[in-house]
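J.: Mind looking over this structure? Questions follow.
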Amino acid sequence: GGQFQPANGTCLDTRAGRMRPSEDARIADGDGVASSVLSSSAASVSSAGDEDDATGDAQVACDLQAVAELQKRVQDLRAPSRMPLDCATYERYLRANKWRVKKAESALRATVAWRASYGADEIRAPPHMEHIEHELETLKSVVPSFLDRRGRPLVLIDPARENSKSHVGHMAMTVYNMERALAYGRAAAREHGMQGTPSSPGIVFLFRWSHADKGVPHPSLRTLIAEAHMLQTHYPECLGAAVLLNAPSSAVNAWKALQRVMDPKSARKVLFLSTTSDADMAALSEMVDLSLLPHRFGGTADEPYRDARHYLDPEVDPLASTDSVRLRVEGADAASHLHHHHHPTSSSTDSGSTNERRTPSHREWTSDDADGRAAESASVAIAVEA
């Protein structure tokens with residue numbers, strides 16, 4: 001009892017942080033070779049005792065019952081083309097509504113209605129695309145075609161390149177970024193047989209400030225509030241992490257006040273780093289392969305896109321075609337890490353050692369695990385079929 005059986009044959013305990021492979025649970029690695037990645041994860045999870053297991057199993061059973069009830073309540077809904085109504089979606093809406101099924105149902109129905117009225121599933125179509133093309137002329141925010149070391153999509157945001165105060169434009173750009181990032185996340189999950197499974201790792205938002213920010217236009221408070229409301233309402237539980245590079249003191253002070261009223265779990269996902277600090281750059285490197293990250297965000301790579309036309313090119317944009325995204329795994333551990341990202345004790349066994357280390361306290365946000373450990377893994381990159 002207390003298990004969810006997704007299409008790939010893996011029994012997931014969503015709240016206890018355990019994965020139990022069923023007898024035929026196998027995935028394909030980057031070379032297409034079938035491997036039982038999940039079988040090693042069961043052995044790596046430490047037991048806290050029979051009493052704790054019983055409590056955890058009871059909570060899991062309760063949570064999975066809520067997922068099943070929500071699924072039954074919304075079975076009349078037609079799934080949007082870019083928003084699957086699967087267990088991952090149900091769990092996100094339940095978590096966002098404190099596992100209250102009726103509230104989660106109302107929120108999910110509101111999102112489906114909003115997507116239809118706003119046109120989120122046709123975000124590349126007019127009139128949205130005209131606004132997006134203008135907003136992204138400076139590539140002030142991009143969703144790159146690589147993931148972080150935990151298999152999470154990224155949104156790179158550079159306020160110094162702000163070029164607009166348009167409310168409509170900013171809203172369209174935000175929806176576009178979210179849809180593009182989620183498309184990459186789903187591609188990663190699909191490639192490794194994890195589509196529809198709960199406990200999504202979320203999206204990493206990487207902000208970068210510079211002295212050039214002064215004098216550039218900024219969106220109004222009305223726009224910022226509207227964006228925040230839209231993200232909270234229609235993209236709930238999608239925040240994997242927010243990394244602020246070289247943030248000004250005003251932002252740091254505002255954050256100190258804000259975090260007092262924030263949910264502690266969400267607050268732990270926010271991190272301030274400086275590109276002039278070796279320790280901070282080491283923390284960034286643990287999260288993202290710096291050889292893939294552009295120079296302006298602390299990495300060593302060239303800009304991934306020449307201009308907005310290149311970035312929005314249908315041959316590059318995963319939103320241009322539902323079948324255009326192909327995942328490329330760079331390294332043997334990447335597939336395993338997608339499965340292990342929410343485990344209390346995940347480790348790499350590729351070299352025969354655990355490669356496990358304690359994460360310093362100022363970086364504990366990098367994992368929702370109880371003991372704050374972060375496992376090393378290879379980088380994951382997403383390519384688009386030409």
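Values quoted throughout were computed directly from the atomic coordinates according to the rules given, and no laboratory measurement underlies them. Please read all numbers here as calculations on a predicted model, not as lab measurements. Don't worry about glycine lacking a Cβ; one is built from the backbone with ideal geometry, like all the others, and counts go over all protein chains shown.
J.: Setting aside same-chain residues fewer than 8 positions from LYS140, which lysines have a Cα under 23 Å from its Cα?
T.: Correct list for LYS140: LYS165, LYS214, LYS269.
J.: Follow-up question, since we're still on this one. Pull up all non-local amide H partners of VAL270: gap of 5 or more, or a different chain, and H-to-H distance under 5 Å with H placed in the peptide plane.
T.: ALA242
J.: Could you tell me which of rounded, prolate or oblate describes segment 58-166, using a ≥ b ≥ c as the square roots of the eigenvalues of the alpha-carbon gyration tensor, with rounded for a/c under 1.5 and, failing that, prolate when a/b is larger than b/c and oblate otherwise?
T.: Prolate shape, in that a/c is at least 1.5 and a/b is the bigger ratio.
J.: Once you order the gyration tensor axes a ≥ b ≥ c over the Cα atoms, which shape class does segment 107-178 get: rounded for a/c under 1.5, otherwise prolate or oblate by comparing a/b with b/c?
T.: Verdict is oblate for segment 107-178.
J.: Could you tell me the center-to-center distance, by alpha carbons, between segment 232-305 and segment 62-105 in angstrom?
T.: Centre-to-centre distance over Cα atoms comes out at 30 Å.
J.: Right, something else. How much FRET efficiency would the formula 1/(1 + (r/R0)^6) give for GLU130 and ALA79, where r is the Cβ-Cβ distance and R0 is 25 Å, rounded to 0.05?
T.: FRET efficiency, GLU130 to ALA79: 0.35.
J.: Over segment 121-187, what is the relative contact order in percent, taking alpha-carbon pairs closer than 8 angstrom and at least six residues apart?
T.: Normalised by residue count, the contact order of segment 121-187 is 39 percent.
J.: Moving on. Amide H of SER164: which non-local residues (sequence gap of 5 or more, or other chain) have their own amide H closer than 5 Å, using H built in the peptide plane?
T.: Amide H to amide H, under 5 Å and 5 or more residues apart or across chains, SER164 pairs with nothing.
J.: Another one. Mind listing the long-range amide H neighbours of SER210? Cut-off is under 5 Å, sequence gap 5 or more, other chains count too, H placed in the peptide plane at 1.01 Å from N.
T.: Amide H to amide H, under 5 Å and 5 or more residues apart or across chains, SER210 pairs with ALA160.
J.: Something else about it: Using a 10 Å cut-off on Cβ atoms, rank the peptides 237-245, 108-116, 306-314, 76-84 from the highest mean neighbour count down.
T.: 237-245, 108-116, 306-314, 76-84
J.: In addition: Multiply the residue separation of THR138 and SER249 by 0.36 nm, subtract the distance between their alpha-carbon atoms, and state the gained length in nm to one decimal.
T.: Net length gain for the segment: 37.4 nm.
J.: For a protection proxy built on the mean count of beta-carbon atoms within 10 angstrom, sort 275-287, 131-143 highest first, please.
T.: The densest-packed peptide leads the list: 131-143, 275-287.
J.: Using only the Cα atoms of segment 102-222, build the gyration tensor, take square roots of its eigenvalues as a ≥ b ≥ c, and label the shape rounded, prolate or oblate: rounded if a/c is under 1.5, else prolate if a/b is larger than b/c, else oblate.
T.: Note, shape of segment 102-222 comes out oblate.
J.: In nm, what is the difference between 0.36 nm times the number of residues separating VAL168 and GLN232 and their Cα-Cα distance?
T.: Computed gain between VAL168 and GLN232 is 21.2 nm.
J.: Tally Lys/Arg at +1 and Asp/Glu at -1 over every other residue whose Cβ is under 9 Å from the Cβ of GLU237; what's the total?
T.: +1
J.: Seen from all sides and averaged, what is the projected area of the convex hull of the Cα atoms in segment 229-309, in nm²?
T.: Values: hull surface 29.5 nm².
In nm², the orientation-averaged hull projection of segment 229-309 is 7.4.
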